[in-house]
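Below is one structure; the comments refer to it alone.
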Amino acid sequence: MKKFAQLAIALTMALALLSAGLWLWVQTNTTGIFIESEESKNPQLESVFNEIRWFPGADRDVWMMNQSHFGRKPPPEKWDRIAIVIDKTKSPKVAYFYQFKPGPLEWNEDLLKQQIPYRASCFLCHNNGPRAIRPMTESSSAPLTLREKIKTAWWNLRIKTYGRVRYDAAEDREDAHREVPFRFRGPPHEDELRVGVCVKCHQNEGLFARGTLQRQQRGTIQHMVEAGHMPPPGFALSQKERSELQDFLHGF
């Protein structure tokens, strides 16, 4: 029994050291991740490319992204520079969304003076703050190294552990003056998804809450289901729920 306890302690310590070593190995590479997006397409149904960086902090995390709808190497002015800042001092956490003039993925407070109007409605894809990073598998245009694949998994784990994230209430006030709003209002845009297996997580309150989904997010919902990302492992749509989901996606 004593030997078993010693073995258990040794294995626990080894696992802790391995985890710490893996974390250091990933974090010592301070560059971002460049991916061909599995999900996003431009209006011509061509690939969208994203460069992503995470700046962790004690009270807030900053996620920045340069996004190209014009191929892998467009002119500098064609990149969309976006940021999501997570305020970790609030419960639930609050996400602040920004779009900036094109430039490098480097965070500083002066960037707030370089804000420009949104070019797309953030809420269509981001009902719960930052989303998991999903690169195109085996991309020939933006292949990932082993370290980058591990970093992607590590970053996705961080995103998942935020739990419920709300957007800043100021977005609702400022939308009155925007050409492209943060989110759309009124029916049918705000019609809520009520499929049973989906609302186990997609609700506004509770331990596993990830925010309700609305009809304005139907493009994202459809992709996640068709790609097999949703429902997550351990859950499945019944035939009745699948029919209800299709009705929702098609406006019924």
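Bear in mind that the values in this text are calculations on the coordinates, not laboratory data. Computed from a prediction, not measured in an experiment: that's the story for all the values here. Glycine gets a Cβ as well: all are built from the backbone with ideal geometry, and neighbour counts include every protein chain shown.
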So, over other residues within a Cβ distance under 14 Å of P104, counting Lys, Arg +1 and Asp, Glu -1, the net charge is -2
Residues F123, F208, F49, F55 in order from fewest to most other beta-carbon atoms within 10 Å are F208, F55, F123, F49
Expressed in Å to one decimal, the Kirkwood Rh of segment 146-252 from all distinct alpha-carbon pairs is 15.8 Å
Rounded to whole angstrom, the alpha-carbon centroid of segment 194-210 lies from that of segment 128-154 at a distance of 26 Å
Within segment 153-190, DSSP-loop GluC sites (Glu not before Pro) with at most 14 other C-beta atoms within 10 Å are E179, E190
Using the Kirkwood radius over Cα pairs of the chain, the Stokes-Einstein translational diffusion coefficient at 37 °C and 0.692 mPa s, in µm²/s and rounded to a whole number, is 162 µm²/s
Of the listed pairs K73/K101; K88/K160; K88/K200, those with alpha carbons more than 21 Å apart are K88/K200
At q = 0.09 1/Å the base-10 log of I(q)/I(0) from the Debye formula over the alpha-carbon atoms of segment 33-183 is -0.28
Over the chain, the sum of -39500 (n - 2.57) across DSSP H runs of at least four, divided by residue number and rounded to 500 deg cm²/dmol, gives at 222 nm -8500 deg cm²/dmol
Residue ranges of DSSP H helices in the chain that stretch 24 Å or more (Cα, own long axis) and have mean Kyte-Doolittle hydropathy of at least 0.0 are 2-27
For segment 91-103, Karplus-derived ³J(HN,Hα) couplings (6.51, -1.76, 1.60; θ = phi - 60°; whole Hz; x for glycine and proline) come out as 10, x, 4, 10, 9, 10, 9, 9, 10, 10, 4, x, x
